[in-house]
Amino acid sequence: SMPSEMLMKIFSYLDAVSLLCVSCVNKRFYHLANDNGIWLKIYSGCFPPKRTIWKVKSVQTETGPLSCAPIQDRKPGYWKKEYILKQMAAVTARVMQLVKPVDLYTGLPSRIKKAIKASGLSWMIVLKDRNGKEHVMEQADLFFKDTSVTIFWYSASWPCLDTLLSLKLLGVTPLLLDQSKAPSKNGPRRRSLIAEYDFFNLTESNVTLGADKLVQLFSLDPGLLVGLWKGKNEIAFVMASLHYHQLLERSTLGSATVQYALPSNKPILDDIDPEYGLHDYDLHLDMHSGSCTYLCGTFKSLFCRKGDIENGYLRLTVVSLKDNTKHVPLIGTVGLCWETDAFKGNVKDCYVMDVTLLDETRKPFWCFSAPVCMELSSKASSLYDYMGCVYTTDYADAEGKVCVELVWLEETKEYFIVSLVIYVSTEKVNNWYGTNY
């Protein structure tokens, strides 16, 4: 019942974020909060005209940043849109400057942690049940590594697992970022869909990764892990592993319903030596869990001869079983750490694997971050230097496979990687180079 003039006077004292929030109350507030006069005041206060422009204008124009004529000529909401676009452009420019320096070993942005903070980026999951209701969960914890970020969600009030149909993983950024304050969860934000997972019959249709006394782990591709309480069939936590390659783009440039489409790669000329399929590749491999790092290593000058191309894959031998000078130890006892509000634990022989494969031009060629597990092999070690139990770790997706063989040394209580082979899909190589392997 309050007159519009009084409401307009009140709105004129609000900042940009408060105006955007109040415009969501109802249609009347939306139209009043779109007033060009209010937004022009905010716009000109944040982006004042340059002095060089003022000198050209008349004395009357110099008394105010902009004349009243543009306010009446523009459609309602014009200056609000201009203000938002310019603020977003300023944040994007800051972030782009931060992601320009590239790490020589990983081929990825070396200051991505600062870039994520500068953009105000966080992540959420949205669980949808059979009734169409959506349950939004904000990130509870995260860990940054050399090539990936691991995000955890845990709560005491998860929706019933049997009623859930899907889970969406989204990047979230504030529409208007205040560098002096932490991003508000109640303010206007943009969502970017990263991945969507099918939760129907979760325990039957997905791979069981491992378990401890309290939880059982289920792996969903790409890079999602769901922990269920044992005996209750209830969610304990959700964990996502996100590789840094194209992470900012995937987390900010998509919409709430459509994923960001990666730009298509223009095929480059492959090497002319007929004896090689691939050559001079680099691999950066991380094995970690939470704050623990079990392996962080770079392997250079990898190659694949044409004779190593079979069954739709090009084979890159990183660590050879026969060459014990390249066998690599893992640091510490391998296990995947998890935590909730009330409990914490460690699932033995599980961890997160980050693979960053660079081509001969040092561009990221194949990148992923995924939870994996070590499985006890039935065969015994054939190496005299390593007499112990043999474990294997296998990972596969549409672009390639990773096969790792490890030996457990009881005397020193440590694992040794005695074989590591990367298999790259010939289809991916052909699309990348325009070849026909």
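The values are calculated or read from the model by the stated rules, or taken from the named source; none is laboratory data. Everything quoted here is computed from the prediction, not taken from an experiment. Glycine gets a Cβ as well: all are built from the backbone with ideal geometry, and neighbour counts include every protein chain shown. Only protein heavy atoms, including side chains, enter the accessible area calculation; ligands, DNA and RNA are left aside. Shrake-Rupley method; radii C 1.70, N 1.55, O 1.52, S 1.80 Å.
Condition check ((1) more than 30 Å from residue 170 (Cα to Cα); (2) in the same structural domain as residue 146 (by the TED database); (3) at pLDDT below 85; (4) acidic (Asp, Glu)) across all residues:
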| position | (1), (2), (3), (4) |
| --- | --- |
| 50 | yes, no, yes, no |
| 59 | yes, no, yes, no |
| 66 | yes, no, yes, no |
| 70 | yes, no, yes, no |
| 84 | no, no, no, no |
| 90 | no, no, no, no |
| 96 | no, no, no, no |
| 106 | no, no, no, no |
| 120 | no, yes, no, no |
Can you pull out every residue in segment 146-168 that is surrounded by 16 or more Cβ atoms within 10 Å (Cβ to Cβ) and outside any strand (DSSP E or B)? 146, 147, 155, 158, 159, 161
Checking the structure you have, find out if any residue of segment 88-98 is free of Cβ contacts under 8 Å to residues at least 12 places away in the same chain, hydrophobic (A, V, I, L, M, F, W, C) and open to solvent by 80 Å² or more (accessible area, probe 1.4 Å). yes
Among the strands (runs of 3 or more DSSP E) contained in segment 320-435, which hold 2 or more residues that are buried (at least 16 other Cβ atoms within 10 Å of the Cβ) and in contact (Cβ under 8 Å) with a residue 60 or more places away in the chain? 335-339, 344-348, 350-358, 364-373, 400-409, 414-425
Confirm whether residue 290 is at positive phi and modelled with pLDDT under 95. yes
Go through 213, 232 for me and flag whichever is touching a residue at least 24 places away in the same chain (Cβ under 8 Å), under 19 Å from residue 338 (Cβ atoms), open to solvent by 50 Å² or more (accessible area, probe 1.4 Å) and over 25 Å from the mean Cα position of the chain (by Cα). 213
Taking segment 112-142 only, how many residues are closer than 24 Å to residue 97 by Cα and surrounded by 17 or more Cβ atoms within 10 Å (Cβ to Cβ)? 9
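Taking into account only those residues within segment 182-194 that are in a strand (DSSP E or B) and open to solvent by 20 Å² or more (accessible area, probe 1.4 Å), which is modelled with the lowest pLDDT? Spell out the reasoning first.
Within segment 182-194, the first condition is being in a strand (DSSP E or B), and the residues that meet it are 189-194.
Cutting the leftovers down to open to solvent by 20 Å² or more (accessible area, probe 1.4 Å) gives us 189-191.
On the way: 189: 88, 190: 91, 191: 94.
For segment 182-194, the residue satisfying everything is 189.
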Can you confirm whether segment 400-415 contains a residue that is at pLDDT 90 or above, among the small types (Gly, Ala, Ser) and under 16 Å from residue 287 (Cα atoms)? no
